[in-house]
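The values are calculated or read from the model by the stated rules, or taken from the named source; none is laboratory data. Source: prediction; values computed, not measured. So basically every Cβ, Gly included, is an ideal-geometry build from the backbone, and we count neighbours across all protein chains shown. To get the accessible areas, we keep the full protein, side chains included, count just its heavy atoms, and leave off ligands, DNA and RNA. Shrake-Rupley method; radii C 1.70, N 1.55, O 1.52, S 1.80 Å.
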Amino acid sequence: MSKGRAEAAAGAPGILLRYLQEQNRPYSAQDVFGNLQREHGLGKAAVVKALEQLAQQGKIKEKMYGKQKIYFADQDQFDMVSDADLQSLDTKIVALTAKVQSLQQSCRHMEAELKELTSALTTPEMQKEIQELKKECAGYRERLKNIKAATNHVTPEEKEQVYRERQKYCKEWRKRKRMATELSDAILEGYPKSKKQFFEEVGIETDEDYNVKLPDP
């Protein structure tokens, strides 16, 4: 056993006696060990030994519940409490519980406010962002000014007319290309040479020769 663990075991009876008297409720050895292990570094064996020692000395009481021993403070050392005192204590508990709930709610509000404040921009950050936004707005105003000052605007009517004419010419293009294809295919049925030779002799130039693609309808 290490020196620190030995010192903790030696002081275990006093620690456990004080704990049981302060809590004034029944505990098993495992409960006491689990509750005090981290704070006092007590081992399980030391806790069991100290509880048995205190029980033998009559400083605490023990009872068997099935196969488990339960330890609790000697109730004779405590003053008798009247019903009126118990009622008064209950009233204080209710009042303190309400106060705790109010404080918890206030704490939650303050935490939410703190979270909002910490996530918000600082004053220098806001000033910098304002300057950047002003600069951006100035750029947009200058762009809008140039657009308004331009003299080559296209009206919606003119734009619609251009689209209609484009559609018309593309339709005619598609129609004439289909007619030319059908005519050339009919000639090629009785032509002794290849299609390429036919086009060269006649002087036909195709869209493909100039990498031109017919727009979609």
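Tell me which residues, restricted to the range 130-182, are farther than 30 Å from LYS195 by Cβ and among the polar types (S, T, N, Q).
Hits for the range 130-182 are GLN131, ASN146, THR151, ASN152, THR155, GLN161, GLN167.
Could you identify the single residue in PRO13, PRO26 that is open to solvent by less than 50 Å² (accessible area, probe 1.4 Å) and under 20 Å from LYS61 (Cβ atoms)?
Sole residue among the options that is open to solvent by less than 50 Å² (accessible area, probe 1.4 Å) and under 20 Å from LYS61 (Cβ atoms): PRO13.
Restricting the search to the range 19-40, which residues are part of a helix (DSSP H, G or I), charged (D, E, K, R) and at pLDDT below 90?
Hits for the range 19-40 are GLU22, ARG38, GLU39.
If you check LEU54 against the conditions, is it touching a residue at least 24 places away in the same chain (Cβ under 8 Å) and either assigned to a helix (DSSP H, G or I) or over 13 Å from SER28 (Cα atoms) (or both)?
So LEU54 fits the description; yes.
Report, by residue number, each residue of the range 190-211 that is under 60 Å from the mean Cα position of the chain (by Cα) and either surrounded by 10 or more Cβ atoms within 10 Å (Cβ to Cβ) or under 13 Å from ALA180 (Cα atoms) (or both).
ASP207
Out of all the residues in the range 46-81, which are open to solvent by 80 Å² or more (accessible area, probe 1.4 Å) and under 14 Å from TYR19 (Cβ atoms)?
Hit for the range 46-81 is LYS59, nothing else.
Scan the range 122-155 for residues that are part of a helix (DSSP H, G or I) and open to solvent by 100 Å² or more (accessible area, probe 1.4 Å) and jot them down.
Correct list: GLN127, LYS128, GLN131, GLU132, LYS134, LYS135, TYR140, ARG141, ARG143, LYS145, LYS148.
Based on this model, can you work out whether SER119 counts as polar (S, T, N, Q) and either touching a Lys or Arg at 6+ places or on another chain (Cβ under 7 Å) or open to solvent by less than 60 Å² (accessible area, probe 1.4 Å) (or both)?
So SER119 fails the test.
Would you mind stating whether LEU117 is of a type in the set (A, V, I, L, M, F, W, C), at pLDDT below 85 and part of a helix (DSSP H, G or I)?
Considered against the rule, which asks whether it is of a type in the set (A, V, I, L, M, F, W, C), at pLDDT below 85 and part of a helix (DSSP H, G or I), LEU117 comes out as yes.
Are there any pairs, at least 6 apart or on different chains, whose C-beta atoms fall under 9 Å, with the first in the range 107-130 and free of Cβ contacts under 8 Å to residues at least 40 places away in the same chain and the second open to solvent by less than 90 Å² (accessible area, probe 1.4 Å) and of a type in the set (Gly, Ala, Ser), and if so, which?
MET126/ALA120
Note down all Cβ pairs under 8 Å where the first residue falls in the range 191-217 and is within 24 Å of GLU172 (Cβ to Cβ), the second is open to solvent by 100 Å² or more (accessible area, probe 1.4 Å), and they're at least six residues apart or on different chains.
Listed pairs, sorted by first residue: PHE199/GLU205; ASP207/LYS213; PRO215/ARG166; PRO217/LYS171.
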